[in-house]
1. Please go through the range 93-104 and give me each residue that is of a type in the set (A, V, I, L, M) and assigned to a strand (DSSP E or B), ordered by number.
2. Kindly provide the set of residues from the range 67-78 that are aliphatic (A, V, I, L, M), closer than 10 Å to A96 by Cβ and crowded, with 17+ Cβ neighbours inside 10 Å, ordered by number.
3. Scan the range 65-83 for residues that are hydroxyl-bearing (S, T, Y), more than 17 Å from S45 (Cα to Cα) and either touching a Leu at 6+ places or on another chain (Cβ under 8 Å) or part of a helix (DSSP H, G or I) (or both) and jot them down.
4. Among (1) more than 21 Å from I19 (Cβ to Cβ); (2) outside any loop (DSSP other than H, G, I, E, B), which single condition is E107 missing?
5. From the list D60, D87, pick out the single residue that is within 21 Å of G15 (Cβ to Cβ) and either surrounded by 14 or more Cβ atoms within 10 Å (Cβ to Cβ) or modelled with pLDDT of 95 or more (or both).
6. Where residues in the range 31-49 are hydrophobic (A, V, I, L, M, F, W, C), in a helix (DSSP H, G or I) and touching a Leu at 6+ places or on another chain (Cβ under 9 Å), which of them is surrounded by the fewest Cβ atoms within 10 Å (Cβ to Cβ)?
7. Among the residues of the range 90-109 satisfying the criterion of being within 14 Å of M71 (Cα to Cα) and not aliphatic (A, V, I, L, M), which is surrounded by the fewest Cβ atoms within 10 Å (Cβ to Cβ)?
8. Within the range 10-29, how many residues turn out to be surrounded by 10 or more Cβ atoms within 10 Å (Cβ to Cβ) and without any contact (Cβ under 8 Å) to a residue 40 or more places away in the chain?
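The values are calculated or read from the model by the stated rules, or taken from the named source; none is laboratory data. All values reported here derive from a predicted model rather than from experimental measurement. In this analysis, Cβ positions are derived from the backbone assuming ideal geometry, glycine residues included, and neighbour counts consider all displayed protein chains.
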Amino acid sequence: MTKPVGPYTPIVKAGPWLITSGQVGIADGAIVEGGFEPQLRQAMSNLAAVLETRGASLSDVTKTTVFLTSMDDYALMNGIYTEIFGDHRPARSAVAVGQLPLGAVVEIEASAYMG
């Protein structure tokens with residue numbers, strides 16, 4: 001799991017729920033190079049790692065929110081997201097934002113149910 005880049009907790013347990021903070025494509029303290037695809041893959045890897053700290057996995061995720069700096073990346077995001085989640089289909093929102101921390105182009109947060 002990567003160290004948070006701000007004053008927040010990466011994952012919080014609330015009853016049977018796990019709520020993650022937004023994960024960007026950071027590795028070794030920096031945003032991965034190569035643009036959208038490697039950043040999304042790293043962000044998803046970071047999300048999985050945060051969930052694993054509480055005994056959960058991507059298969060426990062019930063809802064995600066994906067933040068994109070460009071809706072032009074929406075179709076590519078859908079392809080990678082589907083590849084990573086497989087047949088599991090959490091509820092999802094995808095929104096365009098003006099900017100993300102550290103110059104990231106994508107961020108993902110999730111809620112997981114551990115009931």
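1. Residues of the range 93-104 of a type in the set (A, V, I, L, M): 94-97, 100, 102, 104.
Selection gives A94, V95, A96.
2. Initial filter on the range 67-78 (aliphatic (A, V, I, L, M)): 68, 71, 75-77.
Next, only the ones that are closer than 10 Å to A96 by Cβ stay: 68, 71.
Hit for the range 67-78 is L68, nothing else.
3. Of the range 65-83, the ones hydroxyl-bearing (S, T, Y) are 65, 69-70, 74, 81-82.
Within this subset, residues satisfying the condition of being more than 17 Å from S45 (Cα to Cα) are 69-70, 74.
Within the range 65-83, T69, Y74 qualify.
4. (1)
5. Matching residue, one of D60, D87: D60.
6. If we filter the range 31-49 for residues that are hydrophobic (A, V, I, L, M, F, W, C), which is where we start, we get 31-32, 36, 40, 43-44, 47-49.
From the residues that got through so far, the ones that are in a helix (DSSP H, G or I) too are 36, 40, 43-44, 47-49.
This time we only want the ones that are touching a Leu at 6+ places or on another chain (Cβ under 9 Å), so: 36, 40, 44, 47-48.
Numbers: F36: 19, L40: 27, M44: 23, L47: 26, A48: 17.
Top of the filtered list is A48.
7. G98
8. Applying the first criterion (surrounded by 10 or more Cβ atoms within 10 Å (Cβ to Cβ)) to the range 10-29 yields 10-13, 17-27.
Filter once more, so that each one left must be without any contact (Cβ under 8 Å) to a residue 40 or more places away in the chain: 12, 27.
Within the range 10-29, residues that are surrounded by 10 or more Cβ atoms within 10 Å (Cβ to Cβ) and without any contact (Cβ under 8 Å) to a residue 40 or more places away in the chain number 2.
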